[in-house]
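Contents: one structure, followed by commentary.
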Amino acid sequence: MEIKEIVLPGELIAEKKGRKAGRGTYFEGEKVFAGVLGIPRVDENEISVMPLSGVYTPSIEDKVVGIIQGVEISGWTVGINSPYLAFLPLSEGVSEFVDTQRTDISRFFDINDIISCKISKVTKNKTIQVSMRSIGSRKLYGGITIKVTPTKIPRIIGKGGSMISLIKEKTGCEIIAGQNGIVWMRGERKDKAIEAIMTIERESHTIGLTEKIEKLLGEVV
Amino acid sequence: MSETGEKLIIDGKRLDGREPEQLRPIQMEVKIINRANGSSLVNFGGTHAIASVHGPRALFPRWMQESDTGILRCRYNMAPFSVEDRKSPGPDRRSVEISKVARLAIEPAIFLEDFPKATIDVFIEVLQADGSTRVTGINAASLALADAGVPMRDLVTACSVGKIDGVLVADLNGKEDNNSEVDMALAMLSTKKKITLLQMDGSVNKEELMILLNLAEKSCEKIYEIQKKVLKEKYKRI
Amino acid sequence: MERYALELIEKGKRIDGRKLEEFRPIRIKRDISQKAEGSASVKIGETEVIAGVKLKIGEPYSDAKDQGILIVNAEFTPLASPDFESGPPGEDAVELARVVDRGLRESKCIDLEKLCIVPGEKVWTTFVDIHIINHQGNLIDAAALASLAALLSAKVPKLDGEDILRGDYDRPLPVVFKPINITVGKVGEKFLVDPIFEEEGILNSKLSVSVRDDDNICALQKQGNGELTIEDIGKMVDIAIEKSKEIRKLVE
């Protein structure tokens, strides 16, 4: 099993040469250094490092799976597997008009409900807002959620969704992988889906992973 | 000369057979505690320390939060069975001071401003003490932070140096520590070579002090090579 | 205020008009507490610290059977600053006590062998208790100086068999060296000494240096979350050695 080279915080990756010092890096003058333990990516536009581990730091437009933690007057607080709690304003969660004086909004979302939504605002102070207005956002009924390292999600989804489609097809499960590391799934062969996902999490930085997963799933009845 | 008049250097070699600038056998491992975001184990000869990192995570109570930056909290603790005469559990004055200097040794390496209102909690436990426990703990903490994927400018590497029987040495063991003429702990940002912890006691003139500082820097370079190797290798094998 | 202090320092000046390497006026008063075997109050500018020395009889440590014992303690009492809280010493108080302790201990300031009464059984234990009265910056230097002045004024009580005859003295406490602690701060590329409270916030690195009469360095403690190069440390130690001579004259 071959792997791409790992860089440590403080290691010099490359000279800037007009490129962007992207996520996971920092620069001093023309030198771009790794700012986290991970896999470096260098192309003609950007130098970045994909972290091998770490907590989820919300970014605008991220699609996440959240859990309602509190019901407030004009919205809900949502846990998004991050040091920061997000807020779902009433107007971003419900499209009909709601009279907050007379309505108990927990009828829309109650504590422990799971939702898929999008990060709509991240302030400098890390105040986070989510919205359910985007396509694909909905309340997720039944099923279970598992937590994986957020930085492994891209690998779990795969290029153009290829990996996650493979798992969904072979296991017959509905699966939504939030960029915040929470994966929701519902279906008969959840166990195989979980096994596949855990394997990807462990071996995400290796080459030849796709074949291994295909083999693992190939045996599903 | 030790308190009992015993020599610590015989024929140019230390009692454990080492050359003056030689470090003890070093072992390092990461990801040993799966419930922590990051963790490590570091052994320098008979001194064993483990470190674990929880976070970045939400910080409560709220009044402790800094609105524009994260904070780092560090707890250094020695297990009661880590020393010859059982140590009562819980912080004593020495542990309180070491917790503070260890935190200040590591803080400059972390991009705390990326995590306003949050905290990164580092725990260092010394399981077996044979000299140079604080620097072993700091080396472990640095690995655990990298293992946790915490955004950092650099790793932190630490070592001890000192003077025993008139000879300048690196990596003091327990006996040498207790009987040294000078004993110094130093931590630095590993590649930038900037010093983040410096403590010394004994009696030394300025010229010798500068030689000790340079010896410490050289020793840290050797230790950094091991830290690097351990982190890179962890992800090589399946 | 802090930004203003920073701008001035870059130009080599300070908020209170001092030069970078200038201490505030220092006033030392000895024997300020009659019940103590030794005591002193030190003011550096408006920072005020009192140290008291009490002697008790105790058992020696098993690995130093013929030596007296030194114990240093510090209290950051809330009256000294709105930032201090009641209760057991926090990390700053613990650090201050231990740094002052190491400066006194490692310099062999007190001839502990002369505090032995019966080897292996009875020795004098010297307690140095530091109380911060007003925090206007540079606590460690003030505390170390107060401790030293208190020790220099201390006397060993007479012994009548098992009883200590308090108030009746035998001899002065055997002090052989006068270690002086100088804290040097780094701001940008400049170094300064004796920071006032308002300057403490902008110093990201400080080095506390304990210097003995023969210019030997007996203790070092880096403070703050900044970084220093080996070169910086060399320069800071030079400054500390120089200033220590000046300060030592005040206790001679």
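The values are calculated or read from the model by the stated rules, or taken from the named source; none is laboratory data. Worth saying up front: this structure is predicted, and the values here are computed from it rather than measured. Don't worry about glycine lacking a Cβ; one is built from the backbone with ideal geometry, like all the others, and counts go over all protein chains shown. Areas reflect the complete protein model, heavy atoms only, side chains present, ligands, DNA and RNA absent. Shrake-Rupley method; radii C 1.70, N 1.55, O 1.52, S 1.80 Å.
Observations, loosely collected:
- The range A:102-221 holds helices (runs of 4 or more DSSP H) entirely within its bounds, and those carrying 1 or more residues that are within 25 Å of A:Ser82 (Cβ to Cβ) map to A:153-157, A:162-171, A:190-203.
- Condition check for C:Pro60 on (1) within 14 Å of chain B (Cβ to nearest Cβ); (2) without any contact (Cβ under 8 Å) to a residue 60 or more places away in the chain; (3) open to solvent by less than 40 Å² (accessible area, probe 1.4 Å); (4) more than 19 Å from the chain's Cα centre (by Cα): one failure, at (2).
- A single member of B:Met188, B:Met210 is open to solvent by less than 20 Å² (accessible area, probe 1.4 Å) and modelled with pLDDT of 95 or more, and it is B:Met188.
- Among the residues of the range C:67-113, those that are touching a His at 6+ places or on another chain (Cβ under 9 Å) and of a type in the set (S, T, N, Q) comprise C:Thr77, C:Ser81.
- If you check A:Leu52, A:Leu85, A:Leu90 for being touching a His at 6+ places or on another chain (Cβ under 7 Å) and either surrounded by 14 or more Cβ atoms within 10 Å (Cβ to Cβ) or touching a residue at least 24 places away in the same chain (Cβ under 8 Å) (or both), only one passes: A:Leu52.
- When B:Ile164 is tested against (1) more than 12 Å from the chain's Cα centre (by Cα); (2) within 30 Å of A:Gly54 (Cα to Cα); (3) surrounded by 22 or more Cβ atoms within 10 Å (Cβ to Cβ), just one condition goes unmet, and that condition is (2).
- From B:Val156, B:Val135, residue being open to solvent by less than 20 Å² (accessible area, probe 1.4 Å), away from every other protein chain (no Cβ under 12 Å) and either at pLDDT 95 or above or under 19 Å from C:Glu231 (Cα atoms) (or both): B:Val135
- Applying a threshold of 6 Å to beta carbon distances and a minimum spacing of six or more residues, or different chains, the list of pairs starting in the range C:78-104 at a residue that is farther than 30 Å from C:Val211 by Cα and away from chain B (no Cβ under 11 Å) and ending at one that is in a loop (DSSP other than H, G, I, E, B) and of a type in the set (A, V, I, L, M, F, W, C) reads C:Pro78/C:Phe84.
- Qualifying residue in the range C:117-133 (condition: in a helix (DSSP H, G or I) and among the basic types (Lys, Arg)): no
- Complete set of residues in the range A:166-221 that are open to solvent by 50 Å² or more (accessible area, probe 1.4 Å) and touching a strand residue (DSSP E or B) at 6+ places or on another chain (Cβ under 9 Å): A:Lys168, A:Glu174, A:Gln179, A:Arg186, A:Lys190, A:Met198, A:Ile207, A:Lys212
- Odd one out for C:Arg248 among (1) of a type in the set (D, E, K, R); (2) within 10 Å of chain B (Cβ to nearest Cβ); (3) farther than 28 Å from B:Ile110 by Cα: (2)
- Among all residues of the range C:15-36, there is none that is open to solvent by 20 Å² or more (accessible area, probe 1.4 Å) and within 11 Å of chain B (Cβ to nearest Cβ).
- All told, B:Glu208 meets the bar of being more than 14 Å from chain A (Cβ to nearest Cβ), touching a residue at least 40 places away in the same chain (Cβ under 8 Å) and charged (D, E, K, R).
- Of all residues in the range C:134-158, those being crowded, with 22+ Cβ neighbours inside 10 Å and either in a helix (DSSP H, G or I) or aliphatic (A, V, I, L, M) (or both) number 15.
- Counted residues, the range C:16-49 - those being under 12 Å from C:Pro195 (Cα atoms), of a type in the set (Asp, Glu) and touching a helix residue (DSSP H, G or I) at 6+ places or on another chain (Cβ under 7 Å): 1
- Members of the range A:135-154 found to be open to solvent by 30 Å² or more (accessible area, probe 1.4 Å) and more than 14 Å from every other protein chain (Cβ to nearest Cβ), listed by number: A:Ile135, A:Gly136, A:Arg138, A:Lys139, A:Tyr141, A:Gly142, A:Gly143, A:Ile144, A:Thr145, A:Pro154
- When residues in the range C:197-234 are screened for being within 11 Å of chain B (Cβ to nearest Cβ) and either open to solvent by 50 Å² or more (accessible area, probe 1.4 Å) or not in a strand (DSSP E or B) (or both), 15 of them pass.
- Extreme residue, modelled with the lowest pLDDT, among residues of the range C:209-226 that are over 18 Å from B:Asn205 (Cβ atoms) and among the polar types (S, T, N, Q): C:Asn225
- Enumeration of residues in the range C:235-244 that are in contact with a strand residue (DSSP E or B) (Cβ under 7 Å, 6 or more places away or on another chain) and either part of a strand (DSSP E or B) or open to solvent by 10 Å² or more (accessible area, probe 1.4 Å) (or both): C:Lys235, C:Ile239, C:Ile241, C:Lys243
- Hey, C:Pro195 over 23 Å from C:Arg3 (Cα atoms) and touching a residue at least 40 places away in the same chain (Cβ under 8 Å) or not: no
Residue-by-condition table, conditions (1) out of contact with any helix residue (DSSP H, G or I) (no Cβ under 6 Å at 6 or more places or on another chain); (2) in a helix (DSSP H, G or I):
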| residue | (1), (2) |
| --- | --- |
| B:Lys163 | yes, no |
| B:Val169 | yes, no |
| B:Lys175 | yes, yes |
| B:Ser180 | yes, no |
| B:Leu213 | no, yes |
| B:Cys220 | yes, yes |
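- For the range C:203-252, a residue qualifies if it is over 16 Å from the mean Cα position of the chain (by Cα) and among the polar types (S, T, N, Q), and the qualifying residues are C:Asn204, C:Ser205, C:Asn216, C:Asn225, C:Thr229.
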